[in-house]
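Here the structure comes first, spelled out in structure tokens, and everything after it is commentary.
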Amino acid sequence: MDKLPKIALPAVFIAIVVFIIISKSAITIGSGEAGVLYKTFGGGVVTDEAPLGEGFHIVAPWNKVYIYEVRQQEVLEKMNVLSSNGLDIKLEASAWFQPIATELGKLHQEKGEAYVQRVLLPTIRSAARSVVGRYTPEQLYSTKRDAIQQEIFDETKKIVEDEYIQLNEILVRDVTLPPTIKDAIERKLKQEQESLEYEFRLVTASKEAEKVRIEAQGKADANRILSASLTDKILQDKGIDATMKLAESPNSKVIVVGGGESGLPIILGNN
């Protein structure tokens, strides 16, 4: 009985050691994540193999695993930029991005876990300053918002895709101009809108007047043609036709033939 504790003690110690080793070797990588393996005695960061995927992994306790989120992420950046005429513009933009999963080892080795602050944000700021500097405040405020957004995206993507970052979209969320400039642009836009509306009314009135003139001209031409075609003979023939129809009417009447102007009959009724 006295010997049992002496036998059990090493076994307990071994079990504790094994548990510690296993706990330090077990790595669980969550959904939308990947792991970069660092081999302490094997050359450091592993760049020639695929990163560790989602799920449970066992690694040597002397190695390390750096976990990265590889699904799409968003970062918001607020910055001050200058327009083409040197005015200070406040720009707010967000970027949708994700690290290139197959290049995660190189990203970790060359840029580190703070790659967003070291690479992505500085590139966005540089591209935004370059693009906005080509436009006037009025263009930034009204007509060129989509073009600016696309140009910032193109210039940023051109740089970061060589830095193992996949850029999916750049969204310009807000452009803030100095209050005096904004008010001046709004007044100008309002005046332009009123001018366009006035021109539209003038064009509409002109078209309506032209329509009335054409209709009047058409009626005048029709009357002139009709007057030219109504000879005395035609009028007499039409008068005779009308007399014949009246003569066939059952109403009481007296017809005096040849009693009217141009030899047309005179019709006398009860009244």
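The values are calculated or read from the model by the stated rules, or taken from the named source; none is laboratory data. Because the structure is predicted, anything quoted here is derived from the model rather than measured. Here Cβ is always computed from backbone atoms with ideal geometry, including for glycine, and neighbour counts include all displayed protein chains.
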If Arg134 satisfies every condition in (1) assigned to a helix (DSSP H, G or I); (2) over 29 Å from Arg71 (Cα atoms); (3) basic (Lys, Arg) but one, which is the exception? (1)
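Among the residues of the stretch 51-62, what is the count of those that are assigned to a loop (DSSP other than H, G, I, E, B) and either modelled with pLDDT under 90 or in the same structural domain as Gly105 (by TED's automatic domain parsing) (or both)?
Of the residues in the stretch 51-62, 4 are assigned to a loop (DSSP other than H, G, I, E, B) and either modelled with pLDDT under 90 or in the same structural domain as Gly105 (by TED's automatic domain parsing) (or both).
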What number goes with the only condition from (1) in contact with an Asp or Glu (Cβ under 6 Å, 6 or more places away or on another chain); (2) not in a helix (DSSP H, G or I) that Leu171 does not pass? (1)
Restricted to the stretch 94-112 and to residues being more than 27 Å from Arg173 (Cβ to Cβ) and of a type in the set (S, T, N, Q), the residue surrounded by the fewest Cβ atoms within 10 Å (Cβ to Cβ) is Thr102
Inspect the stretch 138-146 for any residue being modelled with pLDDT of 90 or more, of a type outside the set (A, V, I, L, M) and outside any helix (DSSP H, G or I) and give the result as yes or no. no
Any residue at all in the stretch 27-37 that's farther than 26 Å from Pro179 by Cβ, surrounded by fewer than 16 Cβ atoms within 10 Å (Cβ to Cβ), of a type in the set (Val, Ile, Thr) and out of contact with any His (no Cβ under 8 Å at 6 or more places or on another chain)? no
If only one of Ser94, Ser84 is assigned to a strand (DSSP E or B), of a type outside the set (D, E, K, R) and not assigned by TED's automatic domain parsing to the domain that holds Glu33, which one is it? Ser94
From Ala228, Ala184, grab the single residue that is surrounded by 10 or more Cβ atoms within 10 Å (Cβ to Cβ) and either at pLDDT 65 or above or under 30 Å from the mean Cα position of the chain (by Cα) (or both). Ala184
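Can you work out which of the residues in the stretch 61-75 that are in contact (Cβ under 8 Å) with a residue 24 or more places away in the chain and exposed (fewer than 15 other Cβ atoms within 10 Å of the Cβ) is farthest from Ile159 (Cα to Cα)? Full working, then the answer.
If we filter the stretch 61-75 for residues that are in contact (Cβ under 8 Å) with a residue 24 or more places away in the chain, which is where we start, we get 61, 63-73, 75.
Filter once more, keeping what is exposed (fewer than 15 other Cβ atoms within 10 Å of the Cβ): 61, 69, 71-72, 75.
Details: Pro61: 37, Glu69: 21, Arg71: 20, Gln72: 18, Val75: 17 Å.
Residue satisfying both the conditions and the ranking: Pro61.
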Test result for Ile124, surrounded by 17 or more Cβ atoms within 10 Å (Cβ to Cβ) and closer than 30 Å to Gln109 by Cβ: yes
